[in-house]
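Derivation of every value follows stated rules applied to the coordinates shown; laboratory data play no part. The structure displayed is predicted, hence computed values, not measured ones. Note that each Cβ is placed from the backbone with ideal geometry, even for glycine, and that neighbours are counted across all protein chains shown.
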Amino acid sequence: MKLTAALFGNTYSFKDLKEVMAKANEEKSGDQLAGIAAADAKERMAAKLVLSDLTLADIRNHPLIPPETDEVSRVIEEAVNEKIYAEIRNWTVAELREHLLRQDTHNEEIRRISRGLTSEMVAAVTKLMSNLDLVQAAAKIEVTTHCNITIGQRGVLAGRAQPNHPTDSIRGMKASLFEALSYGIGDAVLGINPVIDSAESVKAMLIATKEEMEKWRIPTQNCVLAHIKTQMRAIRQGAPADLVFQSLAGTQDGNTAFGIDVKLLDEADDMIRREGTGTGPNLWYFETGQGSELSSEAHHGVDQVTLESRCYGLAKKYKPFIVNTVVGFIGPEYLYDSKQVIRAGLEDHFMGKLQQVPMGVDVCYTNHMKADQNDMDNLAVLLAAAGVNYIIGVPMADDCMLNYQSTSYHDIATLRETMRLRPAPAFEKWLEMMGIMENGRLTPIAGDPSIFM
Amino acid sequence: MNRTIPLDQLVDKVMAELQKKLPAALQNAASQPAANVTESRMPSETGSADDFGPPISHVPNAKWAEGVEELIASTPARIGVWRSGTRPLTREMLKFRCDHAAAIDSVYGTVSQPLLDEFGLFTVDTYFENIDNYLKRPDMGRIIRDDGVERIRRSCRMKPQVQIVVSDGLSANAVDANLRDVYPSLLDSLSAHGLSLGTPFFVRGGRVAVMDHIGDIIEPEVLVLLIGERPGLVSSRSMSAYMCYRPRKGTVESDRTVISNIHPRGTPSLEAGAHIGSVLKAMLEQKTSGVNLDI
């Protein structure tokens, strides 16, 4: 494994793969905070040059976090198809990039080789790709999933209705939900972040969303994004959950900080299959985001792009219905400004899709990040072009419970009209029946929440 | 991502919600004109929420107009806002941008020097250098610069019972908007409880854990840090009081007690001052703080 590169009259030497991977990243404040980022632009390029010549076997043979000590590494290792890996093991990372971008490499070929890739290989190629590379390659990959309806088809942009309320008021939640539905949003999931992480509160919201789904025969799925243990208690008490939710980290220690491990996820998986109300086969909703491992000091000196890729390697085990990175929620010490958050959004979406994960993105920012709503407009358009499965809808992009800004019901409707995208087919049929949409466009009554009263 | 909020914030939110349901007329009466904002000593608390009037339905020909009003009244979410094509109406869009502007200016603002002078607070800096670096390097906001350490050693009474520290944190506006009320009521409360006070000062570019470094220098029995919170769109002027019994290097998050959401529509500043005093008293009696404190 060659870890040196000559550039501009200097020889750059890196001590191990971990250092190459970290320094080959585009600039991120989180890698700088961890003290592992490239010192300057030239060193960053030297690391990219070294990485481009490494083979996929080099990456697999030098685990960044050994499987012996980390169960996420084990999950990723165990998923590798050895025959397909043997076909591509001698490819360099540069060759993998070029293979993905070739005009005769289509969805089916990518789907096949993805079974021979580890999350670290996926992260490696991402570090060599430009933003437009990430858009184009991701757009080739179609990952469809089915809970109560199918989403993820080419040409479909779904939306999560996120009708959060600062005190978990059922009435207030429904008010925002009606607004969402009236704009044609809610095909990905009716998903609520609860303020109170209690089984009782989770159950109340699952029942309330299910009531509306039954009353108006809405073809979608419900979910309340509490801790998995809380959801399991609620389900045991008879709560109707189509999907179960959990936040994931890319290391075992990171997951410990989230209060989960693979054993618990296995138990929950078994439970949602036996006691969930969703049709399936895809019954999970996961959220991730660059930087969470560093924030819980569980990063093992590994860069945040690679750790994020490992989240998708773990997610894949549970065949999720939807997964999204909450890309700009974590704060400027991990993703400093709009340039970094836009890059991270495109990286995460691509890394998930390349691992056959049904990726959505919470295109978002907090008020201490150097970003504003215009930057979210930009990232949302880029992701729509990249074929993102869904984005998040909150009223006027302002989440009054989580105190951050995402994308709005208006934004999803606008992206559909501008980018010639449609809601999930089953949902669009329902929208037509309700008179909210006609030929893929909102009708004059769209935007009136009182049609659901 | 793990997105949970602490119970105290929840309580504050419930309070804020209840406040919101006060008659609109009352809210309007309390609002300040938007002119001369930079000069104003008492800028309107939530900015555009008042300037734009209470939220009303913009849905034309609604199937049930009163129904839309009912929905709007049930949530602080921006609903019933209507559209032009698929885009928001201009005024709604501008209202959103105004709230964001207030939030941004809070992060990048500086605390008023006359205010600090009024309470006799001298200033020390952390190693934050500038706001941009402050945002990227929270670790640098946790250490006082050497010259600041010298100044503290020279100016402050060592080993006091109660040490008060004020910091801008993520919202200078929060200090400007709340200190004048919180500080005197805290002093009253301390004297009512018979507690003795060290020499208070201001930390520019501070993070919560700067408490530990200050604890190492001064060795107070209890320390309270009044610091600006990360601004939201609902309030950009919210302050927190972090309190700790014998803070030292290595203190963990769960050893700290916090009262958050201190602003007129959350925990009112005057009440907060009195409440902080009684929490500090309890810490001194129980010789502990954070999750171990029984209050």
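So what's the convex hull volume per residue for the Cα atoms of region A:95-139, in Å³?
68 Å³
What percent of all Cα-Cα pairs in region A:306-453 falls in each 5 Å bin, counting up from 0?
In whole percents, the pair-distance histogram is 2, 9, 18, 19, 19, 15, 10, 5, 2, 0.
Can you tell me how much longer the chain between B:Ala73 and B:Gln161 gets when fully stretched, taken as 0.36 nm per residue apart minus their C-alpha distance, in nm with one decimal?
Roughly 26.9 nm would be gained on extension.
Under the rule of at least 5 residues apart or a separate chain, name every residue whose amide H is placed under 5 Å from the amide H of A:Tyr404.
Correct list: A:Asp399.
Toward the positive end of the charge dipole of region B:148-208, about the Cα centre and with charges on Cβ (Lys, Arg +1; Asp, Glu -1), which of B:Tyr183, B:Phe202, B:Ala172 goes farthest?
Farthest along the dipole direction, towards plus: B:Phe202.
Have a look at region A:174-327 and give its Rg and Dmax from the Cα atoms, expressed in angstrom.
Reported Rg and Dmax, both Å: 15.7, 51.
Put a dot 7 Å past each Cα toward the Cβ at B:Glu129 and A:Thr443; how far apart are the dots in nm?
6.0 nm
Quantify how much of the Cα-Cα distance distribution of region A:204-245 extends past 12 Å, in percent.
Roughly 55 percent, once rounded to a whole number.
So what's the net charge close to A:Glu109: Lys and Arg +1, Asp and Glu -1, counting the other residues with Cβ under 10 Å from its Cβ?
Local net charge: +2.
Could you give the radius of gyration (one decimal) and Dmax (whole number) of the Cα atoms in region A:1-120, in Å?
In order Rg, Dmax, the Cα atoms of region A:1-120 give 15.5, 43 Å.
Compute the distance in nm between two label points, each set 7 Å from the Cα along the Cα-to-Cβ direction, one at A:Val80 and one at B:Arg180.
According to this spin-label approximation, the distance is 6.6 nm.
Take the alpha carbon atoms of region B:88-158, find their center, do the same for region A:368-409, and report the distance between the two centers in whole angstrom.
Here the answer is 28 Å between Cα centres.
Average partner chain C-beta neighbours within 10 Å, per residue of B:80-90?
6
Does region A:236-366 classify as rounded, prolate or oblate by the C-alpha gyration tensor (a ≥ b ≥ c root eigenvalues; a/c under 1.5 gives rounded; else a/b over b/c gives prolate, otherwise oblate)?
Taking the square roots of the gyration eigenvalues as a ≥ b ≥ c, region A:236-366 is prolate.
Cα extents of region A:145-452 along the three principal axes, largest first, in whole Å?
54, 44, 35
If you take the alpha carbon radius of gyration of region A:77-121 and divide it by 2.2 N^0.38 Å, what ratio comes out, to two decimals?
Normalised by 2.2 N^0.38 Å, the Cα Rg of region A:77-121 equals 1.10.
Rounded, prolate or oblate, given the Cα gyration tensor of the protein assembly as shown, with a/c below 1.5 counting as rounded?
Verdict is oblate for the protein assembly as shown.
Would you please classify the overall shape of region B:188-236 from the alpha carbon gyration tensor, given that a ≥ b ≥ c denote the square roots of the eigenvalues, rounded means a/c under 1.5, and beyond that prolate means a/b larger than b/c while oblate covers the rest?
Oblate.
Based on the Kirkwood radius over alpha-carbon pairs, what value in µm²/s does the Stokes-Einstein equation return for the translational diffusion coefficient of region B:220-295 at 4 °C and 1.567 mPa s?
It comes out at roughly 101 µm²/s.
Where does region A:49-204 land on Rg(C-alpha)/(2.2 N^0.38 Å)?
Against the compact-globule rule of thumb, the ratio is 1.40.
In whole Hz, what ³J(HN,Hα) sequence does region B:158-166 give by Karplus (6.51, -1.76, 1.60; θ = phi - 60°), x for Gly and Pro?
Once θ is set to phi - 60°, the couplings for region B:158-166 become 7, 6, x, 6, 10, 10, 9, 10, 10 Hz.
Can you check what the net charge comes to around A:Glu142, using other residues whose Cβ is under 14 Å from the Cβ of A:Glu142 (Lys, Arg +1; Asp, Glu -1)?
+3
Relative to the longest principal axis of the C-alpha atoms of chain A, give the angle of the C-alpha long axis of helix A:262-275, reported between 0 and 90° and rounded to the nearest 10°.
With rounding to tens, the tilt is 30 degrees.
Can you work out the base-10 log of I(q)/I(0) for region B:113-292 at q = 0.20 1/Å, using the Debye formula on its C-alpha atoms alone?
Summing over Cα pairs of region B:113-292 leads to -1.53.
How far is the Cα center of region B:201-230 from the Cα center of region A:1-56, in Å?
Result: 38 Å between the Cα centres.
Could you tally the net charge around A:Ile392, taking each other residue with its Cβ under 11 Å from the Cβ of A:Ile392, Lys/Arg +1 and Asp/Glu -1?
-3
For a Förster distance of 41 Å, can you work out the FRET efficiency between the beta-carbons of A:Thr4 and B:Phe119, rounded to the nearest 0.05?
0.10
Beyond a 27 Å Cα-Cα separation, which of these cross-linked pairs lie in this structure: A:Lys316/B:Lys136; A:Lys18/A:Lys42; A:Lys127/A:Lys370; A:Lys28/A:Lys353; A:Lys23/A:Lys339?
A:Lys316/B:Lys136
Against the longest principal axis of chain A, how steep is helix A:131-140, in degrees 0 to 90 to the nearest 10, with axes from Cα atoms?
With rounding to tens, the tilt is 60 degrees.
If you take the Cα atoms of region A:149-256, find Rg, then find the Kirkwood Rh from the mean of 1/r over all pairs, what is Rg/Rh?
For region A:149-256, the value is 0.99.
Mind giving me the FRET efficiency for A:Met433 and B:Asp105? R0 is 35 Å, r the Cβ-Cβ distance, nearest 0.05 is fine.
Once the sixth-power term is evaluated, E becomes 0.15.
Debye calculation, C-alpha points only, no solvent: report log10 I(q)/I(0) for region A:113-211 at q = 0.25 Å⁻¹, in the same order as the q values.
-1.27
Just from its helices, what would the mean residue ellipticity at 222 nm be for chain A, if runs of 4 or more DSSP H residues each count -39500 (n - 2.57) and the sum is divided by every residue, rounded to the nearest 500 deg cm²/dmol?
The helix contribution divided over chain A gives -13500 deg cm²/dmol.
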